[in-house]
Amino acid sequence: YILTNPPFNMSEWGKDQIADDDPRFEYGMPPSNNANYAFIQHMIHHLNDTGMAATVMANGAMSAQNNQGEIRKNIVEDDLLDTVIALPGELFYTTGIPACIFVFSKGKDKDQYRDRSGETLFIDAMDRYESGNNTQNRLGEKHIERIVNTIRAYRGEETGEYNDEKGFCKVADSDDIAEKEYIIT
């Protein structure tokens, strides 16, 4: 398992020091001005055959185009994207931009609960927050519980049956994502 919160949209991440055949970047070389997909691919590279990784990303990673879009497409086509959670803005002290969580799994077909091959769960939690003060929001216990229980139900754990819920969660298959040109907002 890997959990990360890398710097959002980091520029000048050292691409010029990376060999063209670096095995971490099998899905494509990220641009020198944005490290989001460098961090993502680094995590994926270090997972074992049943490993999972979750990372916080700026929302732009869901819709970035050019080579970042191509990398995202390749990751989706390799069936590694398990869950995407859109979060509210102003959760972090260092930035007010909205963020998301990407969950990757190399073992969707080998999961102890059920085979999730070809599926990705999308959760829109952008309006699920409590105002902490004038500039800071937070996910309340009830929001976290709802997100976690939805993921557990999707995975097939013993928390009830999963159902899509308009405006909150939906399971999309790989063809659905391809139809949206691999933009996962």
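The values are calculated or read from the model by the stated rules, or taken from the named source; none is laboratory data. Worth saying up front: this structure is predicted, and the values here are computed from it rather than measured. A quick note on method: Cβ atoms are made from the backbone with ideal geometry, for glycine too, and the neighbour counts reach across all protein chains shown. Protein only, heavy atoms only, side chains kept; ligands, DNA and RNA dropped before computing areas. Shrake-Rupley method; radii C 1.70, N 1.55, O 1.52, S 1.80 Å.
Over the chain, DSSP H runs of length four or greater, each weighted -39,500 (n - 2.57), average out per residue to a 222 nm ellipticity of -7000 deg cm²/dmol. One decimal place: the segment Ile18-Ile144 gains 41.5 nm when fully extended, by the rule 0.36 nm per residue minus the C-alpha distance. In the chain, the portion of solvent-accessible area held by carbon and sulfur atoms comes to 45 percent [1.4 Å probe, whole percent, DNA, RNA and ligands not counted]. Computed extension gain for Lys180 through Glu158, at 0.36 nm per residue and net of the alpha carbon distance, reaches 4.7 nm.
Computed about the Cα centre, the dipole magnitude for the chain is approximately 540 debye when only Lys and Arg (+1) and Asp and Glu (-1) carry charge, each at its Cβ.
Using 1/(1 + (r/R0)^6) with R0 = 45 angstrom and r between the beta carbons of Tyr1 and Thr135, what's the FRET efficiency to the nearest 0.05? Step by step, r from the Cβ atoms, then E = 0.90. Excluding same-chain neighbours fewer than eight residues apart, the lysines reachable from Lys108 by a Cα-Cα span under 28 Å are Lys73, Lys142, Lys166, Lys170, Lys180. Counting only DSSP beta bridges with both residues in the chain, the antiparallel share comes to about 75 percent. The 3J(HN,Hα) values that the Karplus relation (6.51, -1.76, 1.60; θ = phi - 60°) gives for the range 4-9 are, in residue order, 9, 9, x, x, 6, 6 Hz. Gly and Pro appear as x. Per residue, the accessible area of the range 113-185 comes to 64 Å², computed with a 1.4 Å probe over protein heavy atoms only. In this rough spin-label picture, where each label sits 7 Å from Cα along the Cβ direction, the Thr50-Asp78 distance is 2.1 nm.
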